[in-house]
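Step one of this worksheet: look at the structure below.
The values are calculated or read from the model by the stated rules, or taken from the named source; none is laboratory data. Keep in mind it's a predicted model, so treat the numbers as computed, not measured. Because the Cβ atoms are built from the backbone with ideal geometry, glycine has one as well, and the counts that use them run over all protein chains shown.
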């Protein structure tokens with residue numbers, strides 16, 4: 001009897017381990033899709049698919065928060081039929097000014113904690129089945145605030161992001177300044193699932209940008225290798241970054 005019980009227990013444990021492996025594999029592809037740029041000036045969120053296969057975004061949802069509004073969810077149907085090719089980006093225009101450009105998407109239905117500006121914000125994108133209280137369903141998360149000051153309002157889903165393994169510490173924030181134009185994921189953090197404030201850089205106003213580039217304070221050379229450009233600029237030639245790769249069926 002003891003031997004039978006041991007066999008049954010061993011079988012159960014093996015089945016559980018196999019289930020965990022399957023869950024891990026199923027989560028790998030969605031988490032290849034990450035938030036790589038939030039443009040405060042243009043009100044554009046850039047995603048990037050670091051994976052090797054196309055990712056369908058049907059059923060995916062944004063969740064955002066600021067110092068006055070929390071749990072602002074995009075619609076469950078807003079991204080149906082949208083997909084991202086491997087090594088490519090869609091640009092989500094919160095002002096609905098995409099203008100029909102390939103790879104550019106007008107504001108999804110639902111709600112956002114906008115405008116997306118340098119003040120305290122938390123931003124997540126979830127993949128289905130979406131359960132907002134479950135950090136395991138978060139594909140990516142980023143949070144920022146002026147001077148990195150902790151916000152006990154905008155951090156509404158930060159604990160879930162930390163528990164889900166996509167953010168290092170719910171109390172730490174990407175540092176922005178009132179005149180920051182955007183935050184961008186650094187090249188060294190490309191494709192990593194776990195991110196923290198040090199994985200991002202801010203792009204200041206043009207006058208400050210020249211000074212910071214000259215001092216080496218902003219790693220824009222590495223950034224150029226990933227993105228080929230700063231938004232709406234021909235500062236560097238295009239490299240690996242592909243635009244116009246989000247498709248709608």
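Could you check how many residues of the stretch 114-133 are surrounded by 24 or more Cβ atoms within 10 Å (Cβ to Cβ) and part of a loop (DSSP other than H, G, I, E, B)?
Residues flagged as surrounded by 24 or more Cβ atoms within 10 Å (Cβ to Cβ) and part of a loop (DSSP other than H, G, I, E, B) within the stretch 114-133 amount to 1.
Quick check on the stretch 105-127: of everything there that is under 18 Å from residue 76 (Cβ atoms) and touching a residue at least 60 places away in the same chain (Cβ under 8 Å), which residue is farthest from the chain's Cα centre (by Cα)?
105
I'd like to check something: does the stretch 116-125 contain any residue that is at pLDDT below 95, over 11 Å from residue 62 (Cα atoms) and in contact with a strand residue (DSSP E or B) (Cβ under 9 Å, 6 or more places away or on another chain)? Working first, answer last.
Pass one, the stretch 116-125, residues at pLDDT below 95: none.
Looking through the stretch 116-125, none of the residues is at pLDDT below 95, over 11 Å from residue 62 (Cα atoms) and in contact with a strand residue (DSSP E or B) (Cβ under 9 Å, 6 or more places away or on another chain).
Can you confirm whether the stretch 174-181 contains a residue that is under 17 Å from residue 64 (Cα atoms) and in contact with a strand residue (DSSP E or B) (Cβ under 8 Å, 6 or more places away or on another chain)?
Within the stretch 174-181, one or more residues are under 17 Å from residue 64 (Cα atoms) and in contact with a strand residue (DSSP E or B) (Cβ under 8 Å, 6 or more places away or on another chain).
Residue-wise test of (1) crowded, with 17+ Cβ neighbours inside 10 Å; (2) part of a loop (DSSP other than H, G, I, E, B); (3) touching a helix residue (DSSP H, G or I) at 6+ places or on another chain (Cβ under 9 Å).
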site	(1), (2), (3)
38	yes, no, no
47	yes, no, no
64	yes, no, no
70	no, yes, no
77	no, yes, no
80	no, yes, no
86	no, yes, yes
95	no, yes, no
99	no, yes, no
